[in-house]
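Here's the structure, in structure tokens; my notes come after.
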Amino acid sequence: AYPSANDIKLPRIIDFGKVPIGTQKTKSIPLSCKIPIQFEYEIALLESHPDFDVTPLDGVIPADGTAEIVVTFTPSRHRTSRAELQFNISQFDFEPVTVSVVGSSAPDLLRDEIVRAAQAELEVQAAEDRQERRAATVEKLKRRKSRGPLEVRPPQIASEAMERTIEGVKVPTTRSDTQATTFVLNQTAGKLPLKDLFSFIRDQREGLKTFQKTQKGKAAGDAKQGLVEATIGPAEEEDRQALELRFEMHYREVEKYDKEKELKSTAARGEEEPSAEEVVAVQEARRQKHQEILERRMAADVARMDAVLHTGKSAVPNSYRPIAAPTWDENENDAFSVRLQVIDRFLRTGAKLLMRLRAARRCRSLRRAMAEAGVTDRASCRAWVEEETKAATAGTRGRGAGSPPPAGAQA
């Protein structure tokens, strides 16, 4: 029998892929034998290429061993390289095998490889940093193992306001039906809605009762201060509707007391007559309150940006005399209008001056032309104008400065 090696499987194509210029890539082809007999092999270069190097081209496959065929690709240009190898082995009934070797090179391959290597190093470093931070966190938690339980607080969800006040009118924020629309339309700016009026009256009554109890509990020595507080009132910043409602409630209390007095037929001793100091204190308190109201109104007027027209009448005493006499100058406090007037006068003056300069320049030119034409009276001027008109119509030049004047002018 003829000796034969085991079935040798050779690749049909060896692809090196993309290799940067200046570097090399190596691949090996194993030739194995599983019997105790040597076999010779030979590699023929059917198509060679200078970028490929095959070693060795011939040799012996050792018994029960392996021989390595090394193919090295070293690109020299940015192109695709190709070579063909033919393998022959000295065994019975062996057919030569052709192997194609392919490799290519493209620009910036080395740079891309360096960038990938750097990114890989950064990723490894980031992973190590994360591991270190995790280990530090674990150690920190171990050191705090003896601490007490954490205080857990439930989340506080802010509830949405049911109503929002816009320019003195309450607008529901959670409803948009017909009832909410009617609720908005039935309101008047600056006045409480009907549903809030009852609670407002109840609060006012409670406040009035508390105030009355406070006034009754004061000693005789605090009468002066009590009168002052009664004059100023418990709340100075309330609106007009609250003041009117408090006055009406107080009036009803007095009226009720008068009716009960008539029905019970009891003598009303009344209050003690205030002393002169108490009267002065009440007047001073009223003056202070009036001054505070005036200051608030002045502050509101200063902050106001729009003009407001009031048609109400104000009472002025007969002894009133203005400190400064009115000048009736509408531009006294309007500096911008005065500035516009100055600019307008300047423009009109400048326009008038330019017109006079142009008229003077044209008059000088006209006198110069008349002097050059020898015009001395009306007849010569009329002849000169007719001659210039005919020349302009005919398209020729008129009589020059050296031409003799017309006959009428010589006469």
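The values are calculated or read from the model by the stated rules, or taken from the named source; none is laboratory data. Nothing here was measured: the structure is a model prediction, and the numbers come from that model. Cβ: placed from backbone, ideal geometry, glycine included. Neighbour counts: every protein chain shown. Only protein heavy atoms, including side chains, enter the accessible area calculation; ligands, DNA and RNA are left aside. Shrake-Rupley method; radii C 1.70, N 1.55, O 1.52, S 1.80 Å.
Of the residues making up region 349-380, those that are in contact (Cβ under 8 Å) with a residue 12 or more places away in the chain and open to solvent by 90 Å² or more (accessible area, probe 1.4 Å) are Glu372, Thr376. In region 60-74, of all residues being more than 28 Å from Thr23 (Cα to Cα) and among the small types (Gly, Ala, Ser), the one that is farthest from the chain's Cα centre (by Cα) corresponds to Ala63.
Hey, does region 301-309 have a residue that's closer than 30 Å to Arg205 by Cβ and of a type in the set (Gly, Ala, Ser)? For region 301-309, residues closer than 30 Å to Arg205 by Cβ and of a type in the set (Gly, Ala, Ser): absent.
Checked against (1) at pLDDT 75 or above; (2) open to solvent by 70 Å² or more (accessible area, probe 1.4 Å); (3) in a helix (DSSP H, G or I), Thr165 passes all but a single condition, namely (3). Cβ-Cβ contacts under 9 Å between residues 6 or more apart (or on different chains), taken from a first residue in region 335-348 that is of a type in the set (Gly, Ala, Ser) to a second residue that is surrounded by 10 or more Cβ atoms within 10 Å (Cβ to Cβ), are listed as Ser337/Asn331. Within region 89-121, restricting attention to residues that are surrounded by fewer than 15 Cβ atoms within 10 Å (Cβ to Cβ) and in contact with an Asp or Glu (Cβ under 8 Å, 6 or more places away or on another chain), the residue that is farthest from Phe16 (Cα to Cα) is Ser90.
If you check Arg202, Arg153, Arg175 for being modelled with pLDDT of 75 or more and not in a loop (DSSP other than H, G, I, E, B), only one passes: Arg202.
Among the residues of region 81-131, which ones are of a type in the set (Val, Ile, Thr) and over 56 Å from the mean Cα position of the chain (by Cα)? Once the filter is applied, which keeps residues that are of a type in the set (Val, Ile, Thr) and over 56 Å from the mean Cα position of the chain (by Cα), region 81-131 yields Ile89, Val97, Thr98, Val99, Val101, Val102.
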